[in-house]
Amino acid sequence: MKFGHIGIKVLDMEDSLAFYEKVLHAKILKDYQYPESRLVFLDVGGTVIELIAKDENQEREPGPIEHIAFKVDSLTDKMKLLKTLGIEHSQPRVVGTAQIIFFDGPNNEKFEFVARI
């Protein structure tokens, strides 16, 4: 068995793509346009995330995934980037040998940046 991807329902594909590209440095792998939906597969630090846009996507409902975490070299740099983009984040806190922050995506996704200290 091999990991495939994480699928995330999005409310606005263009807003979501801008967020994933600017904040998470995502690269588009595939972009499929169908009459009833648009599916965009992204490479985000070696993880494949599928953004799913459908006409019936009206609101983001809570799901079983608590958050998606990414390891970063500099939490300070990422906090500056989020501030520049007008994205609020939690106060940094130390957990073991790491410092972390949480922030929300455009579809109510919850993300975590983790930097080793």
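Principal-axis analysis of the Cα atoms of the chain puts helix 75-84 at an angle of about 50° to the longest axis.
Each of F70, F103 was scored by other Cβ atoms within 10 Å of its Cβ. Arranged with the fewest first, they read F70, F103.
For the stretch 1-56, rounded, prolate or oblate, judged on the Cα gyration tensor with a ≥ b ≥ c (square roots of eigenvalues), a/c < 1.5 rounded, else prolate if a/b > b/c? Each step should come with its number before you reach the end.
Working: a/c = 2.02, a/b = 1.24, b/c = 1.63.
Note, shape of the stretch 1-56 comes out oblate.
Principal-axis analysis of the Cα atoms of the chain puts helix 13-24 at an angle of about 30° to the longest axis.
Taking the chain as a Gaussian network of alpha-carbon nodes connected by springs under 10 Å, the highest mean-square fluctuation of the residues E59, E36, E14 belongs to E36.
Which of V23, V94, V44 ends up with the largest GNM mean-square fluctuation for the chain, with Cα atoms connected below 10 Å? Residue with maximal mean-square fluctuation among V23, V94, V44: V94.
Taking a ≥ b ≥ c as the square roots of the Cα gyration tensor eigenvalues, with a/c under 1.5 meaning rounded and otherwise prolate when a/b beats b/c, else oblate, which class fits the stretch 66-117? Since a/c reaches 1.5 but b/c is at least a/b, the shape of the stretch 66-117 is classed as oblate. Using the rule -39500 (n - 2.57) for each DSSP H run of four or more residues, divided by the residues of the chain, the 222 nm mean residue ellipticity is -5500 deg cm²/dmol.
Here, each number is a calculation from the coordinates, and none is a lab measurement. If you're wondering where the values come from, they're calculated on a predicted model, not measured in any experiment. Cβ sites come from the backbone with ideal geometry, for glycine too, and all protein chains shown count toward neighbours.
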